[in-house]
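Undergrad: Please see the structure below; I have some questions.
The values are calculated or read from the model by the stated rules, or taken from the named source; none is laboratory data. The structure displayed is predicted, hence computed values, not measured ones. Virtual Cβ from ideal backbone geometry, glycine too; neighbours counted across all protein chains shown. Quick note on the areas: whole protein, heavy atoms, side chains included, nothing else; ligands and nucleic acids left out. Shrake-Rupley method; radii C 1.70, N 1.55, O 1.52, S 1.80 Å.
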Amino acid sequence: MPGLLLGDEAPNFEAETTQGRIRFHDFLGDSWGILFSHPRDFTPVCTTELGRAAKLVPEFSKRNVKMIALSIDSVQDHLSWSKDINAYNGEQPEEKLPFPIIADANRELAVKLGMLDPDERDKDGMPLTARVVFVFGPDKKLKLSILYPATTGRNFDEILRVVDSLQLTAYKKVATPVDWKPGDSVMVVPTLPDEEAKKLFPKGVFTKDLPSGKKYLRYTPQPE
Ligand code: BEZ
């Protein structure tokens, strides 16, 4: 079945983009990466999403995350659409965006990566791309996948938030609870014995009492 599962390595595809031909692994280098797909160029929701994504590039760069978009139109269409996106952002209507957009006019990559939305079709009856978010780690493995239908725009604050959680939990033995935001307390992972947790988290481990008597709700301040 086409698509990517958590832990899968990113396919090392070659593609034409608005910034030239790329090979995906070379593009990612040693960085984290976000690949996000769009139903079509010159569509309203996509324009607002790409505008917001462009504004957030400094935030993603701070986190060492490279961004790349995909839409099932040509490079020429992407460049022309980029002018609209910049104008939507209140900027000069240039062809340049701060990340490349992959041209997947024949839907080859969209099929391979499981990105098509069967409910949304173009005028020829061909399925459009859904709004997929893939986050890859520096090991090029898939760390997170979110799939929205074409009719629902993404929340890029949430995407930044999950990147913060992914990066924190990749390096520390913690997990982030419901509605966590950077700076909030985190949970000690269930597999870590209490004695080790005490040593690893010098700011303290706070356990909430529960009717079951089981001591699994263990919080600690967010580690540095
Ligand atoms: C949009 O980006 O506005 C859109 C694209 C496909 C279906 C619905 C909305």
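Undergrad: Taking the residues in the range 33-61 that are of a type in the set (A, V, I, L, M), open to solvent by less than 10 Å² (accessible area, probe 1.4 Å) and within 16 Å of the ligand (Cβ to nearest atom) as candidates, determine which candidate is nearest to residue 102 (Cα to Cα).
TA: Filtering the range 33-61 for residues that are of a type in the set (A, V, I, L, M), open to solvent by less than 10 Å² (accessible area, probe 1.4 Å) and within 16 Å of the ligand (Cβ to nearest atom), the one nearest to residue 102 (Cα to Cα) comes out as 50.
Undergrad: Condition first: away from the ligand (no atom under 16 Å from the Cβ) and surrounded by 17 or more Cβ atoms within 10 Å (Cβ to Cβ). Now tell me which residues in the range 146-159 satisfy that.
TA: 159
Undergrad: Any chance the range 44-54 includes a residue that's over 23 Å from residue 153 (Cβ atoms) and among the polar types (S, T, N, Q)?
TA: Within the range 44-54, the first condition is being over 23 Å from residue 153 (Cβ atoms), and the residues that meet it are none.
Checked against the condition, which is being over 23 Å from residue 153 (Cβ atoms) and among the polar types (S, T, N, Q), the range 44-54 yields no hits at all.
Undergrad: Test residue 64 against the criterion of being open to solvent by 30 Å² or more (accessible area, probe 1.4 Å), under 16 Å from the mean Cα position of the chain (by Cα) and closer than 22 Å to residue 141 by Cα, and give yes or no. Before the answer, list the steps.
TA: Details: open to solvent by 30 Å² or more (accessible area, probe 1.4 Å): yes; under 16 Å from the mean Cα position of the chain (by Cα): yes; closer than 22 Å to residue 141 by Cα: yes.
Judged against the criteria, residue 64 is a match.
Undergrad: Still on this model: May I ask you to list pairs of residues, at least six apart or on different chains, whose Cβ atoms are under 8 Å apart, with the first in the range 143-165 being charged (D, E, K, R) and the second being surrounded by fewer than 16 Cβ atoms within 10 Å (Cβ to Cβ)?
TA: 143/6; 143/170; 154/146; 161/181; 161/182; 164/63; 164/182
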